[in-house]
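Notes follow the structure.
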Amino acid sequence: MVKAAFVDPTLAQQYHFSSANSINIGRLLPQSAYYAYTSLRHHRKTGRSLSFVIPTGNLGNGLAAVLARACGMPIGDIRFATNANRTLPDYFASGEYEPRDSIATLASAMDVGAPSNLERLRTVFGERDALTHHGLDVLSVDDGSIAERIRSDALRLPFVWCPHSATAMAAWLDLDDARRNAADWCLVATAHPAKFETIVEPLVGHTVAMPPALSDLMDRRSSFETIDADVSRLAASLARNV
């Protein structure tokens, strides 16, 4: 619906849309700074490049790492971790891009059936064969595996995964021993588990402490409107509220 509104000439002219999510390249540029900082710090300490496992849905966070590497940062392989929305892994498997409707999963922020930044990735860095040649790959992680990682890792690690960060752990564990041991890997954790307490807390069997900044946000009044997934309904909502 957002993409449809962006290309609707009447709506776009009337509202002058921008986007705070990774449809906007401006979202990716500051994300790239995380990868630049982390890889440079690791390289200065060890003399080695750092590989990343990155949870991704619209591929913004993943493309941010690719852009940082293209700028010369000491980044090795990049593995994208997705949920049951298989557009990205199917493209890497077949070379054919087939967008589809999204599927609801435990990792809801990654529920994307037509990743906007896959178009950018392919346009700038080439198609599937070129991407895999340069150390990019992807793994799809289903809800059962996400839940198991949250549950089991909470027993052995000093922290709790959010559903999205758990996909990174699952994707890293899926690497064969030779590849996992041949590089230094960074698993990207993308959200605090307290944001997804209804999913996480039943799995770990206890409450998850909420950071003060998040607690402050959650205590504020929210305002939203539920509409059908149709751009005409979005246009009507904008007319009422903007």
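The values are calculated or read from the model by the stated rules, or taken from the named source; none is laboratory data. Not measured: the values here are computed from a predicted model. Positions of Cβ are backbone-derived with ideal geometry, glycine not excepted, and every protein chain shown enters the neighbour counts.
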Original post:
Out of all the residues in the range 139-165, which are more than 23 Å from Y91 (Cβ to Cβ), aliphatic (A, V, I, L, M) and buried (at least 17 other Cβ atoms within 10 Å of the Cβ)?
Top reply: A147, I150, A154, V160
Subject >> Unique match (being at pLDDT 95 or above, on the phi < 0 side of the Ramachandran plot, more than 15 Å from the chain's Cα centre (by Cα) and not small (G, A, S)) among R79, R86, R100, R149 >> reply: R149
Subject >> Total residues in the range 29-59, condition assigned to a loop (DSSP other than H, G, I, E, B) and under 18 Å from E119 (Cα atoms) >> reply: 4
**OP:** Can you tell me which residue within the range 66-79, out of those that are in contact (Cβ under 8 Å) with a residue 40 or more places away in the chain and under 20 Å from N24 (Cα atoms), is surrounded by the most Cβ atoms within 10 Å (Cβ to Cβ)?
**Re:** V66
Subject >> Those residues of the range 180-208 which are without any contact (Cβ under 8 Å) to a residue 24 or more places away in the chain and under 13 Å from L50 (Cα atoms), in sequence order >> reply: R180, N181, A182
Subject >> Residues of the range 12-28 classified as of a type outside the set (G, A, S), in contact (Cβ under 8 Å) with a residue 12 or more places away in the chain and either loosely packed, with under 12 Cβ neighbours inside 10 Å or not in a helix (DSSP H, G or I) (or both), total >> reply: 3
Subject >> the range 95-123 - residue that is assigned to a helix (DSSP H, G or I) and in contact (Cβ under 8 Å) with a residue 40 or more places away in the chain and, of those, farthest from A65 (Cα to Cα) >> reply: S108
Original post:
Which residues, taken from the range 217-233, are in contact (Cβ under 8 Å) with a residue 40 or more places away in the chain and within 25 Å of K195 (Cβ to Cβ)?
Top reply: A229
Original post:
From the set of residues in the range 60-89 that are assigned to a loop (DSSP other than H, G, I, E, B) and not small (G, A, S), which is farthest from A168 (Cα to Cα)?
Top reply: C71
**OP:** Find the residue count for the range 172-203, including only residues that are of a type in the set (A, V, I, L, M) and either over 23 Å from A109 (Cα atoms) or surrounded by fewer than 17 Cβ atoms within 10 Å (Cβ to Cβ) (or both).
**Re:** 7
